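The values are calculated or read from the model by the stated rules, or taken from the named source; none is laboratory data. Please read these numbers as outputs of a predicted model, since none were measured by experiment. All Cβ positions, even for glycine, are placed from backbone atoms using ideal geometry, and neighbour counts span all protein chains on display.
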Amino acid sequence: MSNQPNFLMIPVELRRLIYKELFTTTTTKHGFSSTSWTHTSVLRTSRQLYKEARPIMLRNILLHFSSTCKFLDCMTDLPADDISQLRYIRTKSFPFPLYADEDAFSYTTYFFGALLPLFPGLQLDLLTVEDCFHDKDVNDGFGDVGTYLDIQELITTKGWKELHYITPTTEWISSKRDHRRCRSAQPATWNAMLQEQDGETSEAKVEMWIGNEPSVKGQAENPETRMPCRIVPSNNIQEAYVYDEREMIVIAKRGNGASYIEDGMELDKGIEHVFQMTWQDVKQSGLVQSAEGDPCAHL
């Protein structure tokens, strides 16, 4: 009999704790030029470990996508049971220009939030979304409203318990550029929207935070290096511009007892029609346009 230590000799309760610790620090990247080493190899060691570890992996791993299309590449391949177990996703939210059918003369530009109803059962603990409209040399003036509407649509969606939206600047709300005349004081307006949806006593809330220093990436995500922020568009604009080069995070939290599991009921009819095909067929058909090179051009 071999005296070599055997992982399966550890009580299953302890093995589950090990799996959780392992996968809590695991990120799988999709669409990036380089990928970090991950801990998913444990799934390939034996059938028993696969059966034990995979559900724990799905509930603790972070899926990180470089774009909306990479998000769809992965998510449309997952069975419904897996989607319902995912808890952490991070993605850059490029707009999604889609022809409703093959006879359409023009496309409709959807924001990322419009795609979440494609995945009934989605119930993330945390959805982190990165602004695409304010990357270097991207914003042509229309991107400010693009970011604003991207956030606003996400706040009205289901599928997440907590939402983080990260943008490298406050320009999207502090600038005077608002060709649609759609912006209002934030986070007060979005906070009221979420409380109306979940109940005023539910503790639902929306907050905005900016980094303590200008042009320092990562400060807004760190509670130790950020400060609360409130902005009224176009009012006291000189004061608002003080914050322009500071990273910002918008944090939305669903209320206690809120029904946040995605049910697919709000799926846009145009998206529903096109996605009667598989995602691979949609791409090959030419019904979706790429927005990654110039996202502002599709607004």
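A compact table of results
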item: Flag if E224 is part of a helix (DSSP H, G or I), at pLDDT below 95 and in the same structural domain as D103 (by TED's automatic domain parsing); result: no
item: Some residue of segment 79-93 being over 12 Å from the mean Cα position of the chain (by Cα), closer than 24 Å to T147 by Cβ, buried (at least 16 other Cβ atoms within 10 Å of the Cβ) and not small (G, A, S); result: no
item: Condition met for K20 (surrounded by fewer than 12 Cβ atoms within 10 Å (Cβ to Cβ), in a helix (DSSP H, G or I), at pLDDT 85 or above and not assigned by TED's automatic domain parsing to the domain that holds I89); result: no
item: Selection within segment 289-299 - outside any helix (DSSP H, G or I) and within 20 Å of the chain's Cα centre (by Cα); result: S290, A291, E292, G293, D294, L299
item: Scope segment 121-138; condition surrounded by fewer than 23 Cβ atoms within 10 Å (Cβ to Cβ) and touching a residue at least 60 places away in the same chain (Cβ under 8 Å); matching residues; result: G121, Q123, V138
item: Test: residue in segment 154-177 that is without any contact (Cβ under 8 Å) to a residue 60 or more places away in the chain, more than 27 Å from R87 (Cβ to Cβ) and surrounded by fewer than 20 Cβ atoms within 10 Å (Cβ to Cβ); result: yes
item: Residues located in segment 46-90, provided they are part of a helix (DSSP H, G or I), of a type in the set (G, A, S) and at pLDDT 95 or above; result: A80, S84
item: Qualifying residue in segment 173-180 (condition: under 19 Å from V129 (Cα atoms) and modelled with pLDDT of 95 or more); result: no
item: Positions within segment 179-209 being under 20 Å from the mean Cα position of the chain (by Cα), more than 10 Å from R230 (Cβ to Cβ) and buried (at least 20 other Cβ atoms within 10 Å of the Cβ), in sequence order; result: W190, L194, A204, V206, W209
item: Residue in segment 91-113 that is in a helix (DSSP H, G or I) and either assigned by TED's automatic domain parsing to the domain that holds S285 or touching a residue at least 12 places away in the same chain (Cβ under 8 Å) (or both) present; result: yes
